[in-house]
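Report on the following structure.
The values are calculated or read from the model by the stated rules, or taken from the named source; none is laboratory data. On a predicted model such as this, the values are computed, not experimentally measured, just so you know. In this analysis, Cβ positions are derived from the backbone assuming ideal geometry, glycine residues included, and neighbour counts consider all displayed protein chains.
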Ligand code: TRP
């Protein structure tokens, strides 16, 4: 049976954290190991530049960190093609053709772009490349004829826009060159891990994240500092479980959910201290993070090998993307010298 194709990626703007792990990386490893897919995993450095053009060192430094995080969680260059966006010229040419099929108004309506524009405080100074990144993302997806795109919930509008571009392209140029992708989203409740401080989102900029590269002591300190129930002052006080970040993490990470249910009951009645539940969470997290950390440390010893792996992956990715580009050019009629 022909393998289905997966494409997904991350912007290299920092190390990856346990929110990325739960929201996306874990799924990718599962899909990779099922043997039913050929995953293309892209480090989206050019997309990261759309709002970091004046700070390229940040992207350059983060690239290797993201690659290490990938290998650490179990993405395997023998089973997945791991590559770098900026090294695939076909993506930019496809982007150019798609840009002619999308209106500015449509981009301005993209809800994720809208939110990001506000968050980043662009006001009237939105870089053209930033506004256009959903189009470039459609090129990323379609260049590999991806069937499935595993991403976080916030990327749903990008998939929708890519699907629209596929339909428009195939209709306008009367062809079936492009493949309509489907999103693959996290299970209910696994999509968004709140920050350590209880903020709805775990993120680098909010300083409320546990990184896959954090050592055991740092993880422990972070867990001990976590937001719980501010009304739960004495051990014997009844405590709240809803909105209590420690329990939210236990819901997601603890293998023994019966135990979590018991702890919740005890906590709500009163008599269970925050330190106890935090210690348990720390144990649970260590179970998951220790092997990742060990693999990461091993790979980090040989950075040259990582760049070699990325170069190999980029070669394979170029082959696939160039083939699609040629078909797209033919469909548009830009094949003057093929006679
Ligand atoms: N926008 C994605 C993010 O911020 C990264 C990305 C770039 C991507 N191109 C992609 C994801 C293509 C899936 C498919 O995380």
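For the reader, a short list of remarks on this structure follows.
- Subset of region 8-34 (residues that are over 16 Å from residue 66 (Cβ atoms) and crowded, with 23+ Cβ neighbours inside 10 Å): 22
- Residue 146 being surrounded by 21 or more Cβ atoms within 10 Å (Cβ to Cβ), touching a residue at least 12 places away in the same chain (Cβ under 8 Å), in the same structural domain as residue 30 (by TED's automatic domain parsing) and not in a helix (DSSP H, G or I): yes
- Single condition residue 20 does not satisfy, out of (1) touching a strand residue (DSSP E or B) at 6+ places or on another chain (Cβ under 8 Å); (2) at pLDDT 95 or above; (3) under 25 Å from residue 301 (Cβ atoms): (2)
- Among the residues of this structure, residue 134 counts as one that is more than 8 Å from the ligand (Cβ to nearest atom) and crowded, with 18+ Cβ neighbours inside 10 Å.
- Residue list for region 55-98, filter: farther than 19 Å from residue 7 by Cβ and in contact (Cβ under 8 Å) with a residue 40 or more places away in the chain: 58, 59, 62, 64, 65, 68, 72
Residues checked against (1) at pLDDT 95 or above; (2) near the ligand (Cβ under 10 Å from one of its atoms); (3) within 19 Å of residue 5 (Cβ to Cβ):
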residue: 145; (1), (2), (3): yes, no, yes
residue: 168; (1), (2), (3): yes, no, no
residue: 173; (1), (2), (3): yes, no, no
residue: 190; (1), (2), (3): no, no, no
residue: 194; (1), (2), (3): no, no, no
residue: 202; (1), (2), (3): no, no, no
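- Scanning region 24-40 for residues that are in contact with a strand residue (DSSP E or B) (Cβ under 8 Å, 6 or more places away or on another chain) and closer than 22 Å to residue 193 by Cα yields a total of 4.
- Filter result for residue 102 (more than 13 Å from the ligand (Cβ to nearest atom) and surrounded by fewer than 19 Cβ atoms within 10 Å (Cβ to Cβ)): yes
- Residue list for region 19-35, restricted to those being more than 13 Å from the ligand (Cβ to nearest atom) and under 27 Å from residue 285 (Cα atoms): 21, 22, 26, 29, 30, 31, 32, 33, 34
- The set of residues from region 256-285 being more than 15 Å from residue 226 (Cβ to Cβ) and under 29 Å from the mean Cα position of the chain (by Cα) comprises 256, 257, 260.
- Residue match in region 244-251 (condition: part of a helix (DSSP H, G or I) and surrounded by fewer than 18 Cβ atoms within 10 Å (Cβ to Cβ)): yes
- Of the listed requirements (1) at pLDDT 95 or above; (2) touching a helix residue (DSSP H, G or I) at 6+ places or on another chain (Cβ under 6 Å); (3) within 16 Å of the ligand (Cβ to nearest atom), residue 38 misses just one: (2).
- The combined condition, being in contact (Cβ under 8 Å) with a residue 60 or more places away in the chain and either more than 15 Å from residue 195 (Cβ to Cβ) or assigned by TED's automatic domain parsing to the domain that holds residue 17 (or both), is fulfilled by residue 220.
- Qualifying residue in region 79-92 (condition: under 20 Å from residue 318 (Cβ atoms) and more than 15 Å from the ligand (Cβ to nearest atom)): yes
- Conditions (1) within 24 Å of residue 49 (Cβ to Cβ); (2) surrounded by 19 or more Cβ atoms within 10 Å (Cβ to Cβ): number failed by residue 116: (2)
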